[in-house]
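So the structure is just underneath, and the comments pick up after that.
The values are calculated or read from the model by the stated rules, or taken from the named source; none is laboratory data. Just so it is clear, the structure is predicted and the values come from calculations on it, not from any experiment. Neighbour counts are summed over all protein chains in view; Cβ atoms, including those assigned to glycine, are modelled from backbone coordinates with ideal geometry.
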Amino acid sequence: MSLPATYRALVCREYGQPLALETRPTPNAVPGSAVIKVLSALVDPSEKHRLLMAKRNVHFSQQPPFIPGNCAVGRVAAVANDAATLQVGQLVLLEGFIRGRDDPNAQALRAVYEGPSPSAKRLTHQDDLWRDGYWAEYTRAPLETCWPLDEKALIGGLGYKMSDIPYLAKHAIAYGAFRSIDLKAGETIVIGPATGNHSGAAVQVASAMGARTIAVGRNLNALRRLAESIPRVETVALTGNTGEDFKLLSQFGPIDAFMDYTPAGLETPPYLKAFALSLKPYGRGVLTGFPHGDLSLPYALMIAKNITIRGSFMYQPEDVRGLIKLAERGLLKLGKSSGAEVTDGFTLDQHDEAIGKAHEHQVWGTQVNFEFKE
């Protein structure tokens, strides 16, 4: 597959300013990398506010200029000669979690988060490394973030479109969190708030893993859609009052685990204490949201019941492999078959329309994508 001399990409040159559509030289496949022809890239509902409406969040952002977008699917156009198995022409999932090869604790998210440490920032601040995302016709990616897909199974057998696949990168975050607490088939897990773009994906994954899933929140219509679209899902509207919420959760019997997905816009998690109180002895909890305040938990009860609560940031490589298998075997549904509406066909020239469309749908159930010709 020959590479063109140039490619087009959307560029964030400054937060709070319109994106620029630029033409850039096409990168080469340097050692440890591949050049990918992007076929479909997800537009996250948060991007309009994060990129166009707000000032830069100095605690969680990428230093501009950069190409946005960190969930995509593409085809390998060129690959470095140190790749052991990846081949030109393969279909791959592109996710944005970057780790230092000589220090896996140096972590960043392409186009989203430059990382908390100087070593992490080295991976994203240099122009030829991993600052840019996937709202582009081509991208260079580390081999470790190019995940081969069974195209025959996903596109041929299951009938998915290319635009159905990028959402797997969001599913991976939840799968990594569930694996971190050893969630098992048949267990009961509470997820909340469960109606957001990321947390709704977590409900899908928990069900695909065989868990009985209790989705909680305040948006009754969004909760109803989750229950109607995903098997083994029950819902309950919580109030934010710990005592009342504990009673509401008690109707489901012993709770094995919970996932708290409180979004970054909130200071403190509204349901966390009720989740913790609802756990059975030796229950587990995982924190995957990003509120900026402190936690309040019943210390003595956590000890008496041998409760384990841990944080989970992103995932391990084996988690992504396992998640892809769930999708390839048809256990994790994608696109329309999952109950979601996928709006695709947007070109880079239509970026204002695409970003605006995604912004209108903050709850789970709508996916918006840029699409590129092969």
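Assess whether PHE290 counts as being of a type in the set (Phe, Trp, Tyr) and within 18 Å of the chain's Cα centre (by Cα).
yes
Here is a check on your reading of the model: is ALA172 touching a Phe, Trp or Tyr at 6+ places or on another chain (Cβ under 7 Å), modelled with pLDDT of 95 or more, part of a helix (DSSP H, G or I) and not hydroxyl-bearing (Ser, Thr, Tyr)?
So ALA172 passes the test.
For LEU154, are the conditions met, namely being modelled with pLDDT under 95, buried (at least 21 other Cβ atoms within 10 Å of the Cβ) and either in a strand (DSSP E or B) or of a type in the set (A, V, I, L, M, F, W, C) (or both)?
Working: modelled with pLDDT under 95: no; buried (at least 21 other Cβ atoms within 10 Å of the Cβ): yes; either in a strand (DSSP E or B) or of a type in the set (A, V, I, L, M, F, W, C) (or both): yes.
In short, no.
Taking the range 216-236 as the search range and keeping residues that are touching a Gly at 6+ places or on another chain (Cβ under 7 Å) and within 20 Å of LYS273 (Cβ to Cβ), which one is modelled with the highest pLDDT?
Only one residue tops the list, namely VAL216.
Only one of (1) surrounded by fewer than 18 Cβ atoms within 10 Å (Cβ to Cβ); (2) hydrophobic (A, V, I, L, M, F, W, C); (3) under 17 Å from THR308 (Cβ atoms) is not met by VAL236, so which one is it?
So the condition that VAL236 fails would be (3).
Given the options SER250, SER278, name the one that is among the polar types (S, T, N, Q) and surrounded by 23 or more Cβ atoms within 10 Å (Cβ to Cβ).
Result: SER278 is the single residue among SER250, SER278 that is among the polar types (S, T, N, Q) and surrounded by 23 or more Cβ atoms within 10 Å (Cβ to Cβ).
Of (1) more than 17 Å from LYS170 (Cβ to Cβ); (2) hydroxyl-bearing (Ser, Thr, Tyr); (3) surrounded by 13 or more Cβ atoms within 10 Å (Cβ to Cβ), THR288 satisfies all except one. Which?
(1)
Being surrounded by fewer than 19 Cβ atoms within 10 Å (Cβ to Cβ), small (Gly, Ala, Ser) and touching a residue at least 40 places away in the same chain (Cβ under 8 Å): is that true of GLY311 here? Lay out the reasoning, then the answer.
On the way: surrounded by fewer than 19 Cβ atoms within 10 Å (Cβ to Cβ): yes; small (Gly, Ala, Ser): yes; touching a residue at least 40 places away in the same chain (Cβ under 8 Å): no.
The answer is no for GLY311.
Could you please give the count of residues in the range 175-221 that are assigned to a helix (DSSP H, G or I) and either surrounded by 21 or more Cβ atoms within 10 Å (Cβ to Cβ) or polar (S, T, N, Q) (or both)? Full working, then the answer.
Just the residues of the range 175-221 that are assigned to a helix (DSSP H, G or I), to begin with: 175-180, 197-208, 220-221.
After this cut, where a residue has to be either surrounded by 21 or more Cβ atoms within 10 Å (Cβ to Cβ) or polar (S, T, N, Q) (or both) as well, the list is 175-178, 180, 197, 199-208, 221.
The total comes to 17.
Before we move on, is ASP103 more than 23 Å from TYR15 (Cβ to Cβ), in contact (Cβ under 8 Å) with a residue 12 or more places away in the chain and of a type in the set (Asp, Glu)?
Working: more than 23 Å from TYR15 (Cβ to Cβ): yes; in contact (Cβ under 8 Å) with a residue 12 or more places away in the chain: yes; of a type in the set (Asp, Glu): yes.
Judged against the criteria, ASP103 is a match.
Hey, among the residues in the range 330-374 that are under 17 Å from ALA202 (Cα atoms) and of a type in the set (S, T, N, Q), which one's surrounded by the most Cβ atoms within 10 Å (Cβ to Cβ)?
Step by step, filter the range 330-374, then rank; the result is GLN367.
Of everything in the range 338-356, what is farther than 24 Å from TYR7 by Cβ and out of contact with any helix residue (DSSP H, G or I) (no Cβ under 8 Å at 6 or more places or on another chain)? Give them in sequence order.
GLU341
Quick one: is LEU21 in a strand (DSSP E or B), more than 26 Å from LYS152 (Cα to Cα) and in the same structural domain as THR139 (by TED's automatic domain parsing)?
It is true that LEU21 is in a strand (DSSP E or B), more than 26 Å from LYS152 (Cα to Cα) and in the same structural domain as THR139 (by TED's automatic domain parsing).
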